[in-house]
Amino acid sequence: MENNRGQSIFLSVVGIATLLVAIVGATFAYFSISVSGNETAQSVQVTTAKLGGVTFDATGAGVNITNVYPGWTVTKQFTVTSDADATDASIDYIVNLVVATPGSGETLLQGSDFVYTLSATTATGTSTATGTETQMPSTGTNQLCTGHLSGASDLHTYTLTITFKETGSDQNTQQGKVYNAVVQIQTASNSGLRTWDNNASTWTTYTGA
């Protein structure tokens, strides 16, 4: 009986010791990872697009008409160009004619005999200007056409011709009227819609008209 009792105690001790060894062994266990292929790994290269800027050359682009007679005409030319280093340029823009409201006692010159044509030549981009005769727009911001600059040094040249046509009939109702406007370019950029400020020769945030 004593021997059996002693043997039971011994087996219990051995069992506990085995459990401790198992726990201690588990505490220091880990997985290993083998990595191969670094000797032939390729580098990651990122090159940002070169969008550059847009130049609007509209010297004398304001339209101020006084003492006009039937048969009068005037031609204004302006250009829209992407920078020489803008190799990845893809820029949409709008050509507007912003017409001022006549002052006190003045009347805006309007009618089917007061017209314009707008034509364009482009290097690589596009423009919707077609050269179609159209009646001059009224006060506010009026879209004349849209354009798209593509790549570096994409030059778009516009010719705006304004005519007070001779109709061959009585046009006395048009006497004493006025028309004052300025050509404006809008373009999209990272900071939103922009407008060319002809006085400051810079792009400014477009807030609408």
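Values quoted throughout were computed directly from the atomic coordinates according to the rules given, and no laboratory measurement underlies them. Keep in mind that this is a model prediction, so the values were computed, not measured. As a convention, Cβ positions derive from the backbone with ideal geometry for all residues, glycine included, and neighbour counts pool all protein chains shown.
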**Q.** Full-extension gain in nm, residue 117 to residue 69, via 0.36 nm per residue minus C-alpha separation
**A.** 15.4 nm
Q | residue 167-residue 143 FRET efficiency (beta carbon distance; Förster radius 22 Å; 0.05 resolution) | A | 0.20
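What translational diffusion coefficient, in µm²/s and rounded to a whole number, does the Stokes-Einstein relation yield for the stretch 128-182 at 20 °C and a viscosity of 1.002 mPa s, taking the hydrodynamic radius as the Kirkwood radius over Cα pairs?
Working: Rh = 14.8 Å.
Answer, rounded: 145 µm²/s.
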**Q.** Integer Hz, Karplus 6.51/-1.76/1.60 couplings in order for the stretch 130-141, x for Gly and Pro
**A.** 10, x, 6, 5, 9, 5, 4, x, 8, 4, x, 8
**Q.** Built amide H within the under 5 Å cut-off of residue 145, gap 5+
**A.** 95
Q. Across all directions of projection, what mean area in square nanometres is found for the Cα convex hull of the stretch 89-184?
A. 6.8 nm²
**Q.** Neighbour-count order for 153, 82, fewest beta carbons within 10 angstrom listed first
**A.** 153, 82
